[in-house]
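Each remark here refers to the structure printed beneath this line.
Any read-out appearing in this document is the output of simple, stated calculations on the displayed coordinates, not a laboratory observation. Predicted model only: the values in this text are computed from it and were never measured. Cβ sites come from the backbone with ideal geometry, for glycine too, and all protein chains shown count toward neighbours.
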Amino acid sequence: MKNNIAVIILAAGKGERMKSRLPKVAHQVCGRPMLFYVLDLVRRVKIGRAVAVLGYKHELVRPLLGRNIKVAIQGQLLGTADAVKKALPQLKNFKGTVLILYADNPLLKEETIKKLLKYHIENNCAATLLTAKLDKPEGYGRILRDEYSSICGIVEEKDADDFQKGIKEINTGIICFDKDKLVRALAQVKANNRKKEYYLTDTVGILYRKGNLVESVNLGDVDEALGINSRVDLAKANGIMQKRINEALMKEGVTIVDSGSTFISQGAKIGRDTTIYPFTVIESDVKIGKHCYVGPFVHLRCGSYLDDNVVLGNFIEVVRSRISSGTLMKHFGYIGDAAVGHAVNIGAGCVTANFDGKQKHTTVIKDRAFLGSDTILVAPVKIGRGAKTGAGSVVVKNQNIPDGEVVVGIPARSIKIKTR
Ligand code: UD1
Ligand code: CA
């Protein structure tokens, strides 16, 4: 979007209600830290200036930020208003719109933020809030409106009276401010309630009382408002995000037989006419080609790359491995740190024993090799082109089975039958 927009991402909170060693924003939604989604949003809306406010265990959060994001540290967690204040020195000479995003809000969509910014800028507001109407507004700040139904403040749930608790219109936390007006209002925020926190939401009442224009944009899809405070919220966000990821893949030509039991990380790539059967887990940094069959019960971990026409499943785990086109592995097994060639047939129960207790080692299986059922390949090891292993063979460490050779037994030895 335009240049006169800056964003402040609030990510300093401990996330008390998560009951965790990890800072809240490092908890994962569909295979990515929660913070990732807000950063992705900032990138997609093309906001050039971004400051993230970090606090609790910031050394764990900072590596998740990537480049182009400035960092401000909030030493003591004194509330959202204090967090925004800590970011302001990084925006010293900036004039224009400041967008506030909360890092615990991973379901927000690009269109929504664009709409909010557009409304705010076109109407020249002092502040524009993203609000939503929830049947169960518990836990959120409630929007207060005056007799002309103009927004006149926000009350936090813990400070709300019974009438206010009945209000269904909530603050999503996402707010656009005119920078100068924000700065002036922040100077007047006082420590609130018994917790001695400074609420950013108090700026809304302050601006209103000074006669400034405060407006709102209402969120149609209330799922987007979900702020993650507990592990129950986390599971809910996962479910919603998973549905979005799966539906996006289906729209691109992937068949997902049962979306509810298929867990695909954000960022996994899957080609057209591939079918994913139930109870399959696909992590991030996984690529699957066209016309593949995957599952049921397959776990593709990071660094799994499947070319076109691969069949994998049931009960298979793959990690850090490439599997070339036309290869079949139809029944239970494990492939780790391997390069598997074209049209390889991997029998039931085959395992790459990639870990010797200290280190991981690689396995190479060349084109058209045929692994008999229950073959164990103790890495590092190489299976030549068109080579075959008999059922139950154990190919030991550093053994290189030449092209076309047939081996059997434990340890596997050649039986001198050429395959062709
Ligand atoms: C906040 C809003 C509430 C809104 C809700 C939406 C305030 C006072 N309340 O409540 O109106 O309905 O979000 O989800 O703003 N943070 C800091 N430093 C702090 C405190 C918090 O950076 O000192 C960050 C957190 O990391 C988090 C965000 O601010 O990303 C919101 O904090 P949180 O404690 O989750 O606020 P809520 O109680 O959910
Ligand atoms: Ca929250």
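Does A412 count as surrounded by 22 or more Cβ atoms within 10 Å (Cβ to Cβ) and without any contact (Cβ under 8 Å) to a residue 40 or more places away in the chain? When the stated conditions are applied, A412 passes them. From the list T97, T80, which residue is more than 30 Å from F263 (Cβ to Cβ), in contact with a strand residue (DSSP E or B) (Cβ under 7 Å, 6 or more places away or on another chain), touching a residue at least 60 places away in the same chain (Cβ under 8 Å) and within 16 Å of ligand 2 (Cβ to nearest atom)? Result: T80 is the single residue among T97, T80 that is more than 30 Å from F263 (Cβ to Cβ), in contact with a strand residue (DSSP E or B) (Cβ under 7 Å, 6 or more places away or on another chain), touching a residue at least 60 places away in the same chain (Cβ under 8 Å) and within 16 Å of ligand 2 (Cβ to nearest atom). Got at least one residue in the range 172-189 being without any contact (Cβ under 8 Å) to a residue 24 or more places away in the chain and farther than 23 Å from T128 by Cα? For the range 172-189, residues without any contact (Cβ under 8 Å) to a residue 24 or more places away in the chain and farther than 23 Å from T128 by Cα: absent. Among the criteria (1) farther than 15 Å from V281 by Cβ; (2) of a type in the set (F, W, Y); (3) over 24 Å from the mean Cα position of the chain (by Cα), the one Y305 does not fulfil is (3).
Please verify whether Y208 is part of a helix (DSSP H, G or I) and under 24 Å from I5 (Cβ atoms), treating the condition exactly as stated.
Spelling it out, Y208 is indeed part of a helix (DSSP H, G or I) and under 24 Å from I5 (Cβ atoms).
Cβ-Cβ distances below 7 Å connect the following pairs, each with a first residue in the range 281-308 that is closer than 14 Å to G31 by Cα and in contact (Cβ under 8 Å) with a residue 24 or more places away in the chain, a second residue that is polar (S, T, N, Q) and assigned to a loop (DSSP other than H, G, I, E, B), and a separation of six or more residues or different chains: E283/S265; S284/S265; S284/Q266. Here V318 fulfils each of the conditions (1) among the hydrophobic types (A, V, I, L, M, F, W, C); (2) under 15 Å from T280 (Cα atoms); (3) in a loop (DSSP other than H, G, I, E, B) apart from (3). Every condition in (1) within 16 Å of ligand 1 (Cβ to nearest atom); (2) under 23 Å from P33 (Cβ atoms); (3) in contact with a Lys or Arg (Cβ under 9 Å, 6 or more places away or on another chain) holds for I240 except the one numbered (3). Taking the listed residues I316, I264, I282, the one that is crowded, with 21+ Cβ neighbours inside 10 Å and more than 17 Å from the chain's Cα centre (by Cα) is I316, with no other qualifying.
Can you confirm whether the range 68-90 contains a residue that is small (G, A, S) and more than 14 Å from ligand 1 (Cβ to nearest atom)? Checking the range 68-90: not a single residue is small (G, A, S) and more than 14 Å from ligand 1 (Cβ to nearest atom).
Quick one: what pairs do we get from the range 133-144, first residue over 20 Å from V204 (Cα atoms), second crowded, with 18+ Cβ neighbours inside 10 Å, C-beta under 6 Å, 6+ apart or different chains? So the pair list comes out as L134/I170. Which of the residues belonging to the range 1-26 are under 14 Å from P106 (Cα atoms) and touching an Asp or Glu at 6+ places or on another chain (Cβ under 9 Å)? Result: L10, A11, K24, V25. Taking every residue in the range 13-34 that is on the phi > 0 side of the Ramachandran plot and pairing it with any residue that is in a loop (DSSP other than H, G, I, E, B) and within 15 Å of ligand 2 (Cβ to nearest atom), at least 6 positions away or on another chain, yields no pair with a Cβ-Cβ distance below 6 Å. Filtering the range 104-118 for residues that are more than 25 Å from the chain's Cα centre (by Cα) and away from ligand 1 (no atom under 11 Å from the Cβ) leaves a non-empty set. Filter the range 189-205 for residues that are part of a loop (DSSP other than H, G, I, E, B) and polar (S, T, N, Q); which is nearest to ligand 1 (Cβ to nearest atom)? If we take residues in the range 189-205 being part of a loop (DSSP other than H, G, I, E, B) and polar (S, T, N, Q), then T201 is nearest to ligand 1 (Cβ to nearest atom). Comparison of N105, N68 shows that the only residue that is closer than 25 Å to K236 by Cβ and either touching a residue at least 40 places away in the same chain (Cβ under 8 Å) or more than 16 Å from ligand 2 (Cβ to nearest atom) (or both) is N105. State all residues of the range 182-201 that are within 19 Å of V98 (Cα to Cα) and loosely packed, with under 12 Cβ neighbours inside 10 Å; if no residue qualifies, say none. Within the range 182-201, A187 is the sole residue that qualifies. Considering only residues in the range 231-267 that are charged (D, E, K, R), away from ligand 2 (no atom under 16 Å from the Cβ) and in a helix (DSSP H, G or I), the one that is farthest from G139 (Cα to Cα) turns out to be K251. Screening the candidates I228, I170 for the property of being assigned to a loop (DSSP other than H, G, I, E, B), within 11 Å of ligand 1 (Cβ to nearest atom) and surrounded by 15 or more Cβ atoms within 10 Å (Cβ to Cβ) yields one hit, I228.
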